[in-house]
There are 2 protein chains.
Amino acid sequence: MPEHAPSRLERRKARTRAALIRAAQALIAEGKTAVPILEITQAADVGMGSFYNHFETKEQLYQAAVEDALDTHGALLDELTTGLDDPAQVFAQSFRLTGRLHRRHPELSKVLLHYGLELATSESGLAPRARRDIEAAVRAGRFTVGDTELAMVTIAGAALGLGHLLHHQPERDDAAATDRVTEDLLRMLGLTAAEAHEICSRPLPALDTTATGPGTAA
Amino acid sequence: MPEHAPSRLERRKARTRAALIRAAQALIAEGKTAVPILEITQAADVGMGSFYNHFETKEQLYQAAVEDALDTHGALLDELTTGLDDPAQVFAQSFRLTGRLHRRHPELSKVLLHYGLELATSESGLAPRARRDIEAAVRAGRFTVGDTELAMVTIAGAALGLGHLLHHQPERDDAAATDRVTEDLLRMLGLTAAEAHEICSRPLPALDTTATGPGTAA
């Protein structure tokens with residue numbers, strides 16, 4: 001909790017930073033990162049000088065924009081898995097929800113795909129939560145994993161590959177495809193085929209009513 | 001078999017095309033694809049006009065360069081899995097050898113990583129061979145796979161993620177890491193943990209004596 005209510009100046013600075021980050025996320029999602037800083041500040045509707053109050057370089061802004069998207073996504077997963085006591089189900093539900101985000105929050109999906117294979121070792125968003133859930137499931141005797149970091153390589157690769165496939169095959173049922181990939185990963189992590197199928201058949205919380213994707217937050 | 005021996009002109013054309021493709025592969029591996037065509041023809045030591053005898057655009061050359069690298073890699077895998085009669089072992093041996101290529105043929109590895117997630121659905125190289133081996137292993141009762149295309153998403157994602165990790169963690173044992181990821185994938189494909197471990201402990205043919213990576217072919 002902050003020690004004092006933020007001043008008007010602090011609130012204005014926070015709004016400027018958030019506007020720059022939202023503009024950068026939109027550019028990343030469109031694949032248009034090679035634009036002048038002036039174009040970013042115009043899209044954010046802030047002055048050119050404001051940029052340098054917050055970031056030293058364009059790359060620093062893009063890094064902050066990706067981390068913000070990963071944190072937004074991670075917070076959404078935390079919210080949507082609250083109250084589950086089986087870490088295997090927390091992992092499965094997070095992956096099933098992430099797969100469904102590619103079509104339902106395409107901008108967030110494209111920021112994740114832009115981040116690419118770095119995702120597996122990131123300290124923000126999906127990856128640290130997946131590592132936490134895998135390790136909890138191993139301790140609970142649910143998963144059998146030799147090397148969490150190497151399992152994460154496959155899991156992040158599957159998450160990215162799935163997003164890529166769902167964007168390129170718009171006719172494919174995203175929920176069915178995501179649940180199939182999640183089942184595959186659960187078998188890899190040591191569940192039986194029957195357990196993996198059962199856990200991926202459970203009802204999910206509604207994703208669309210939770211509006212916390214980038215660009216939707218206040 | 002060709003109906004006639006190639007003429008001197010045909011041989012010269014083939015040499016020019018091969019030189020352009022090798023130059024493009026080297027540029028892709030260095031991540032320097034945004035260069036003028038003149039720089040490519042100079043690196044290939046061919047005239048600027050020769051470029052347009054073979055390719056209409058730079059993108060067409062890069063596409064041909066990636067397909068050539070994938071085909072070279074695929075032919076190497078075919079050579080190194082000849083005589084194996086268990087399709088599960090063919091799949092495992094191909095993946096184990098591909099993982100070892102990232103450090104031992106870094107240029108080929110970087111061309112594969114540049115191709116990225118398109119790899120899963122490619123008609124050249126690793127992907128069609130992996131699909132063939134998976135389907136043969138399903139028919140032989142060795143693998144249990146619900147949707148080969150979705151399994152390929154995870155397998156290609158794992159192959160790319162592993163390459164990325166091995167380039168970024170030079171201290172990691174590439175053989176041990178590759179065999180662990182292969183074991184994970186075999187469990188996902190329906191083998192028991194014991195079978196997956198046994199199949200990944202078998203001796204491999206020597207990779208380093210086979211010099212067919214890009215840039216090493218005559």
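Quick look at the numbers
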quantity: Most mobile of B:A26, B:A43, B:A156 in a GNM of chain B (Cα contacts under 10 Å); calculated: B:A43
quantity: Ranked A:S7, B:S50, criterion: other C-beta atoms within 10 Å, fewest first; calculated: A:S7, B:S50
quantity: Copies compared at B:P170 - label distances in nm, ascending, label defined 7 Å from Cα in the Cβ direction; calculated: 4.6
quantity: On Cα atoms only, tilt of A:174-188 relative to the major axis of chain A in degrees; calculated: 60 degrees
quantity: Cα Rg over Rh - chain B, Kirkwood; calculated: 1.02
quantity: Residue-count net charge about B:D174 - beta-carbon cut-off 9 Å; Lys, Arg +1, Asp, Glu -1; calculated: +3
quantity: Positive minus negative residues near A:H164 (Lys, Arg vs Asp, Glu; Cβ under 13 Å); calculated: 0
quantity: Vicinal HN-Hα couplings computed from phi for region A:35-50 (Karplus, 6.51 cos²θ - 1.76 cosθ + 1.60; Hz; Gly/Pro x); calculated: 10, x, 4, 4, 5, 5, 5, 5, 4, 7, 6, 10, x, 4, x, 4
quantity: Footprinting exposure proxy for A:T182, B:T81 (fewest neighbouring C-beta atoms within 10 Å first); calculated: B:T81, A:T182
quantity: GNM flexibility winner over chain B from B:K58, B:K32, B:K110 (Cα, springs under 10 Å); calculated: B:K32
quantity: Qualifying GluC sites (Glu not before Pro) in region A:66-130, DSSP loop, other Cβ atoms within 10 Å at most 13; calculated: A:E123
quantity: Selected from B:A69, B:A34, B:A23 as most flexible by GNM, with chain B as the system and alpha-carbon contacts under 10 Å; calculated: B:A34
quantity: Shape call, region A:1-55: gyration tensor on alpha carbons, a/c limit 1.5; calculated: prolate
quantity: Sites B:N53 and B:A176, calculated FRET efficiency, Cβ-Cβ separation with R0 56 Å, nearest 0.05; calculated: 0.75
quantity: Normalised contact order of region A:63-199, rounded percent, pairs of Cα under 8 Å and 6 or more residues apart; calculated: 30 percent
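Since every read-out is calculated from the coordinates, none of them should be taken as a lab result. On a predicted model such as this, the values are computed, not experimentally measured, just so you know. Backbone-built Cβ (ideal geometry, glycine too); neighbour counts: all protein chains shown.
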